[in-house]
1. Pull up segment 98-118, narrow it to residues that are in contact with a strand residue (DSSP E or B) (Cβ under 8 Å, 6 or more places away or on another chain) and outside any strand (DSSP E or B), then point me to the one that is surrounded by the fewest Cβ atoms within 10 Å (Cβ to Cβ).
2. Tally the residues that are over 16 Å from residue 126 (Cα atoms), at pLDDT 95 or above and in a strand (DSSP E or B), restricting the search to segment 55-92.
3. Tell me the residue from 36, 52 that is assigned to a helix (DSSP H, G or I) and modelled with pLDDT of 90 or more, please.
4. Among the residues of segment 158-169, are any buried (at least 17 other Cβ atoms within 10 Å of the Cβ) and over 23 Å from residue 75 (Cβ atoms)?
5. Just checking, which of 73, 78 is surrounded by fewer than 21 Cβ atoms within 10 Å (Cβ to Cβ) and over 21 Å from residue 44 (Cβ atoms)?
6. Among strands (runs of 3 or more DSSP E) lying entirely in segment 119-169, which contain 2 or more residues that are more than 14 Å from the chain's Cα centre (by Cα) and modelled with pLDDT of 95 or more?
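The values are calculated or read from the model by the stated rules, or taken from the named source; none is laboratory data. It should be emphasised that the depicted structure is a prediction, and the values quoted were computed from it without experimental measurement. Glycine gets a Cβ as well: all are built from the backbone with ideal geometry, and neighbour counts include every protein chain shown.
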């Protein structure tokens, strides 16, 4: 018997989001192409010019480059830009990971600002496979600077529910 639990997301064929990620990764600038496609589906994400750098079941990382358009008054990355990056990482992770019979909706975000964000920022969302059950789900999210210092940490709360049955009597 295997000591690790198996889950539908780890053994099943990749869903559309993961399949698109794998397809675009084969091309030069594939991460950029994928990130632009996601930003077109949810246009507000384009405001931070995000780059998805990692995507696998239950984990996503999104890079925000430190540039003038995301600065605050002290020339660091504005925390709302970081929140946007964390939400993008969470949403892409959720779309790539959720079992096919479930759906998700965001319900809230709780974050602590732990350090100044004076460099590029890597936003990471990661869950355990067994978290994909109906009800409230807390997705841990963390933003790191280029030195690995945590600049924002917290969670995004999702509501997980069964997809409606398409064959009503």
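1. 101
2. Counting residues in segment 55-92 that are over 16 Å from residue 126 (Cα atoms), at pLDDT 95 or above and in a strand (DSSP E or B) gives 2.
3. From the options 36, 52, the qualifying one is 36.
4. yes
5. 73
6. Where strands (runs of 3 or more DSSP E) fall fully within segment 119-169 and carry at least 2 residues being more than 14 Å from the chain's Cα centre (by Cα) and modelled with pLDDT of 95 or more, they are 135-144, 150-162.
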